[in-house]
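A.B. asks: The structure under discussion is supplied below as structure tokens; questions concerning it will follow.
The values are calculated or read from the model by the stated rules, or taken from the named source; none is laboratory data. Keep in mind the model is a prediction, meaning the values are calculated, not measured. When we count neighbours, we look across all protein chains shown, and the Cβ atoms used for this are built from the backbone with ideal geometry, even at glycine.
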Amino acid sequence: MTQRNISHNAIGHNSVASTAAGSHLRHYLSGSATSTIKTRIKPPPQTTMLTFLLNPFILPFFILLFIKWQFFPPKTTVNPPPSPFWFPIIGNFHQLGTLPHRSLRSLSLRYGPLMLIHLGNIPTVVASSAEAAREIMKTHDIVFASRPESKLAKKLLYDAKTVSAAPYGDHWRQLKSVMVLQLLSTKRVRFFRSVRAEETAQLLKIVDDSNNHPVNLSELFVTYTNNVTCEVVLGRKYGEGPNGKKFKRLLREFLVALGSVNIGDFIPYLAWVDRVNGSDREVDRIAREIDEFVEGVVKERTKKHHGTAENAVDYDNFVDIVLEMQRDETNGILLDKTNIKALLLDAYTAGTDTTATVLEWVMAELLRHPSIMKKAQAEVRAVSGGKTGLTEEDLEKMTYLKAAVIFRLQG
């Protein structure tokens, strides 16, 4: 099965064709003089537009167009899932509200576990049950393997060449194999155990030194995941020192930009809005600064090992491994600089924000349910047996705590 992140609530349906309704008409006025004395004068643009809007035939024309579009759709052999009423241009955006996941659930109760909505001009299939999700992610996973094209992904993720954004194909399979074998395999995860243990001890020490004063767990979780991911992926910590705050700020800006909505992707007619409000300019700045950072990491690691004997290099981080793979032409994997930067950016950003968010979410849910918190604490104390620290082997014995975490992940 192809392993791709496909949203439970909104899955872009690439197999359903979406076409832009209508076409722009341009009327060129020829103003050439018919004699040497009389000339033709063009009316001002404002007058022309006003005349167009006040034309008594314009409103009936659009009303008839709407009726034909809504009640007499073109015949097609496609049998789409049930769909709620949607408006031209905006589609079903007006029904999503401020909590889209709840709105989608309410719609699914009415239209079924598999329904079709329109996000602007983009037809989107929403799966709201385990059976429907299984059909999409397992039975027909190849059809849904590629993500829809996004202007933000192209700008921020090296023209959508990362594992998370690249379309399904040979390029994606090659990057995925590098990511899985050299970073996510059981062997590699065990290899980096010492890094996790060191950062976990540091986190617990900060909590212990607080002397029962409140601590910001959200900030601690971000620092923990950032340090672990930096050490494993980039070779050293980048969240500390004089540039640490700048680095964390850039990461937050990148994640916010990547998770924002680009209106032009859904309503092409309104793509100009992102240029007018400055969104395009801000995304370009973030993409440029992120690229400068990743480029600096690659140059730093290359310079560090320049002139060093191959057998003297410790390939104890992901960036050193992929750089060595680039130099080794016998492994059958071709990696250029853009591919390497895409892999590093993907591994770092995916391993930082997501892990910190899960840790914060689980802790918040445990605090909201004191009875479950007490059971989890009792299990931790029983497994630890009075030890001052815990190992990853101890975590395997904590079945109740693991069940609580898995429950929140599924919720």
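A.B. asks: Please tell me if Gly351 is free of Cβ contacts under 8 Å to residues at least 40 places away in the same chain and either within 24 Å of Thr186 (Cα to Cα) or part of a loop (DSSP other than H, G, I, E, B) (or both).
C.D. replies: Numbers: free of Cβ contacts under 8 Å to residues at least 40 places away in the same chain: no; either within 24 Å of Thr186 (Cα to Cα) or part of a loop (DSSP other than H, G, I, E, B) (or both): yes.
So Gly351 does not fit the description; no.
A.B. asks: Does the range 389-406 include one or more residues that are among the basic types (Lys, Arg), surrounded by fewer than 15 Cβ atoms within 10 Å (Cβ to Cβ), part of a helix (DSSP H, G or I) and not assigned by TED's automatic domain parsing to the domain that holds Tyr224?
C.D. replies: Yes; the residues of the range 389-406 include at least one that is among the basic types (Lys, Arg), surrounded by fewer than 15 Cβ atoms within 10 Å (Cβ to Cβ), part of a helix (DSSP H, G or I) and not assigned by TED's automatic domain parsing to the domain that holds Tyr224.
A.B. asks: In the range 112-119, is there at least one residue being farther than 15 Å from Val261 by Cβ and in a loop (DSSP other than H, G, I, E, B)?
C.D. replies: Yes.
A.B. asks: Pairs under 9 Å by beta carbon, first residue closer than 20 Å to Gly235 by Cα and in a loop (DSSP other than H, G, I, E, B) in the range 315-333, partner modelled with pLDDT under 85 and of a type in the set (Lys, Arg), six or more apart or different chains?
C.D. replies: Short answer, once both residue conditions are applied: none.
A.B. asks: Here are the criteria: (1) over 18 Å from the mean Cα position of the chain (by Cα); (2) assigned to a loop (DSSP other than H, G, I, E, B). Tell me which single one Lys161 does not satisfy.
C.D. replies: Failing condition for Lys161: (1).
A.B. asks: Here are Ala165, Ala127: which of them is without any contact (Cβ under 8 Å) to a residue 40 or more places away in the chain and touching a helix residue (DSSP H, G or I) at 6+ places or on another chain (Cβ under 7 Å)?
C.D. replies: Ala165
A.B. asks: Residue by residue through the range 107-122, note down the ones that are surrounded by fewer than 20 Cβ atoms within 10 Å (Cβ to Cβ) and touching a residue at least 40 places away in the same chain (Cβ under 8 Å).
C.D. replies: Residues satisfying the conditions are Leu116, Asn121, Ile122.
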